[in-house]
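The values are calculated or read from the model by the stated rules, or taken from the named source; none is laboratory data. This structure is a prediction, so every number in the text was calculated from the model and none was measured. Methodologically, a virtual Cβ is constructed for each residue, glycine included, from the backbone with ideal geometry; neighbour enumeration extends over all protein chains shown. Ligands, DNA and RNA are excluded from the accessible area calculation, which covers all protein heavy atoms including side chains. Shrake-Rupley method; radii C 1.70, N 1.55, O 1.52, S 1.80 Å.
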Amino acid sequence: MTRNVKYLGFFVLLFISKTLFSAELAVSSFSQLPSVSGLDLSPNGSQIAFIQNYTNPQISVLTALNLLTGDKKYLVKSDNEDIKINWFRWANEKTLIVSVRFASKTGTVAYKETRLVAIDVDGKEAKQRNLIRAGANDNHVSQFQDDVVSFLPDDPEHILIAIDLDIPNLPSVYKLNIYTRRKSRIEKGKMDVRDWMADRQGNLRLGQALDYNSGEASIRIKIGDDDTWHTMFEYNALEEPGITPLGFAKNPDILYYRAYKEDKLALFKINLVSKKISLVFDDPDYDFDGSLIYSRKSNDVIGIRHSNSDGGRIYWNDDYAKFQQAIDIAMPDTSNYLVDFSDDENIYTIYAESDFIPGAYFLGNREEKTINLAFEQYPSIPIEGLSEHSLVTYTARDGTPIEGYLSLPKSTEGPIATILHPHGGPGAREYDGFDYWTSFFVSRGYAVFRPNFRGSTGYGRQFAESQMQAWGLSMQDDLTDAAHWLVEQKIADPNRMCIVGASYGGYAAMMAAVKTPDLFQCAVSFAGVMDLDRLVRGSRHFLNKKFVKKQIGEDDDDLEARSPYYQAKQIKIPVLLMHGEDDRVVDVKQSREMADELEDLDKEVKYVELENGDHYLSIQRNRHRVFSEMDSFLKKYLGANQL
């Protein structure tokens, strides 16, 4: 591939335009929803679908763009208040399949639901229809109606869908006509199968079974033309590490799966006929936490996504490896990810970003050897003042090495005001690349440290399972040790440190205020858990209640000792609590009652409840509000560093 003039014009203009600022950027530059997200190419590459977020009015619009004519069709508009677009994919050249989600409530039990919609884009006006119609023999309304098992490769008018129309939480598989909405059941729900998988030809081949009461789990497989469901793997999900099927090869007798090799997750494949198991990939230092990469053209596996590899992709096919290398030569300033291809793999999309360059989508044409800028995600953010993330390691009090990402403002010398920013999950981890929270904090002159404390994924089974019934213990100590390390390294001013987190990170921020009340000057929690006992009690309404008890614990005294709500008397620093009222991941009552308790104790607290807000700040005005509140709060208690 060559860097052509058209490509260079777009790319250079993009980054020159991002260096012309000196004053502090508006909060909204960072808190805006990405201008565009979720690009999906149609099969022949002539159309592209994406979500475009507008600021005036504040709406998200699912849009189809004809790349040949330039015509746009606006398919679904949402203010994200009640209904949100979950995902979408082309079924064929004229129809998109779209999943939407919304918050529901039965009595005091809050949960979410999904629906599946087909949208025809081939006429003057887009036409849409709900794909699941309640039948006379359906026993209940399914909560989740968007589990597509296969977009049948040789039958563009049908899909396979798993849905529990007969017995709740025991989905059957149906072949569904996306135009007539007629469906025929091809496999009845049975064997405690909760998830189904098809092979690359669209044949139903695998079921993942789980007994929620006992934890007994298994992988059921159809082999060849045999209609018998064979048990391939068995384990107890409450007591043992599981097996995660990732997908089939083009050869339907080859299944790839993820499982532990000693302490680290690795990639294996099994020949379902001979039962031969082969190790495909492992990393001695990190879990294999990624997925398979398929070729649209060959329909076979050509590589894997692995976050700790160069570029995050490993291609087994030399042609694709060379293609990726050519793209990286043409675009040397960013990490470049091939996102999607047309069926003939001539048209493709790239997502490009770096630690300090916000993400952008590019459209490529292999025959014409061109790459053109399509969309910027955060066009209002210049790169001047943003910084690279340094991967560093500090040592916890018991000698455990802990990795994390340190981001320092440019042209500043420490020690300076610093934010310790624990991630959510806690079964998650931090990565390099652009992060709008970190970039916002750095733009304000704060140093930011994001540690992958114990309980984070990616570092092996023992490290990840350190979170089990240990919230507030060694995991919290890792954060305390991180703060001390920042001071010892003369990065953080010990009198100007704040801990800021969301979800589990919000819990960690409040536990820091409880356990180390003299270490930080303030704490910020968005959608944090405050009462572990309430969390466990709330799970009794859901199928995973035993798994929640296994993770969090069930001894009341222990749960209270590890809950910020019950230890609120220990807090003596200013606290900012924020939560969405329709959060279906962490109940808003967690923050409501914490705020009430702090107010009763005459503590310094501000509570912000976001109307219709969810766990992901999907509504633009709520995202603006959260960032504005954080900006004012941090300036009040940390001051502002001079850039």
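Worth pointing out:
- Neighbourhood charge, 14 Å Cβ-Cβ cut-off, centred on Gly224 and excluding it, Lys, Arg +1 and Asp, Glu -1: -2
- What the Cβ-Cβ distance of Phe542 and Glu599 gives, at R0 = 30 Å and to the nearest 0.05, is a FRET efficiency of 0.45.
- Scalar couplings 3J(HN,Hα) for segment 81-98, obtained by applying the Karplus form with A = 6.51, B = -1.76, C = 1.60 to θ = phi - 60°, are 6, 10, 10, 10, 6, 8, 7, 7, 7, 5, 8, 6, 5, 10, 9, 9, 9, 10 Hz; x denotes Gly and Pro.
- Rolling a 1.4 Å probe over the protein heavy atoms gives segment 68-131 an accessible area of 54 Å² per residue.
- Each residue, Ile167 and Thr108, gets one label point 7 Å from its Cα in the Cβ direction; the gap between the two is 3.1 nm.
- Normalised by the number of residues in segment 367-506, the mean separation of alpha-carbon contacts (under 8 Å, six or more apart) gives a relative contact order of 30 percent.
- Note that segment 151-245 presents 46 Å² accessible area per residue, ligands and nucleic acids not counted, probe 1.4 Å.
- Here's how it looks for Gln145: its modeled amide H is under 5 Å from those of Thr114, Arg115, which are all 5 or more places away or on a different chain.
- In plain terms, the chain from Ile186 to Lys250 could stretch by 20.8 nm, reckoned as 0.36 nm per residue minus the Cα-Cα distance.
- Calculated FRET efficiency for the pair Asp226/Lys297, C-beta based, R₀ 25 Å, to 0.05: 0.25
- Cβ-based net charge around Asp71, under 12 Å, with every Lys or Arg adding one and every Asp or Glu removing one: +2
- Alpha carbon convex hull of segment 423-483, projected area averaged over orientations, nm²: 4.5
- The modelled label-to-label distance for the pair Arg592/Glu413, using points 7 Å beyond Cα in the direction of Cβ, is 5.2 nm.
- Net length gained if the chain between Tyr235 and Arg621 were fully extended (0.36 nm per residue, minus Cα distance): 134.4 nm
- The accessible surface of segment 121-237, taken with every protein chain in place and a 1.4 Å probe, is 41 percent carbon and sulfur.
- Summed side-chain charge close to Ile83 - residues other than Ile83 whose Cβ falls under 12 Å, Lys, Arg +1, Asp, Glu -1: -1
- Computed over the chain, the alpha-carbon pair-distance distribution with 20 angstrom bins reads 17, 52, 30, 1, each value a whole percent.
- Cα-based shape type of segment 459-529, given that a ≥ b ≥ c are square roots of the gyration tensor eigenvalues and the cut on a/c is 1.5: oblate
- Taking every C-alpha pair closer than 8 Å and separated by at least 6 residues, the mean separation divided by the residue count of the chain gives a relative contact order of 10 percent.
- Summary of packing: across the peptides 587-596, 175-184, the per-residue average of other C-beta atoms within 10 Å ranks them, highest first, as 587-596, 175-184.
- Taking all protein chains together and a 1.4 Å probe, the residues Tyr257, Tyr616 rank Tyr616, Tyr257 from largest to smallest accessible area.
- The length gained on full extension between Arg133 and Asp120, counted as 0.36 nm times the residue separation minus their Cα-Cα distance, comes to 2.9 nm.
- Projected area, mean over directions - segment 373-510, Cα convex hull, nm²: 9.2
- Segment 355-461: GluC sites (Glu not before Pro) falling in loop per DSSP and having at most 10 other Cβ within 10 Å: Glu367, Glu413
- Using θ = phi - 60° and Karplus 6.51 cos²θ - 1.76 cosθ + 1.60, couplings along segment 352-367 (whole Hz; Gly, Pro as x): 10, 7, 9, 4, 10, 10, x, x, 9, 9, 10, 10, x, 9, 6, 5
- Within the chain, percent of DSSP bridges classed antiparallel, to nearest 5: 85
- For the Cα trace of segment 152-200, dividing Rg by the Kirkwood Rh returns an Rg/Rh value of 0.99.
- Lys261 contributes about 80 Å² of solvent-accessible surface, heavy atoms of the protein only, 1.4 Å probe.
- The chain: DSSP helices with Cα axial extent of at least 30 Å and average Kyte-Doolittle hydropathy no lower than -0.5: none
- Computed over the chain, the per-residue total of -39500 (n - 2.57) for DSSP H runs of n ≥ 4 gives a 222 nm mean residue ellipticity of -5500 deg cm²/dmol, rounded to 500.
- Cα gyration tensor, segment 292-406 - rounded (a/c under 1.5), prolate or oblate: oblate
- Label-point separation in nm, Gln143 to Asp285, each point 7 Å along Cα→Cβ: 4.1
- Candidate lysines - alpha carbon under 22 Å from Lys183, same-chain residues fewer than 8 apart omitted: Lys94, Lys127, Lys175
- With R₀ set to 25 Å, the beta-carbon distance separating Asp319 from Ser278 gives a calculated FRET efficiency near 0.60.
- Gyration tensor verdict on segment 234-318 (Cα atoms; rounded if a/c is under 1.5, prolate if a/b is larger than b/c, oblate otherwise): oblate
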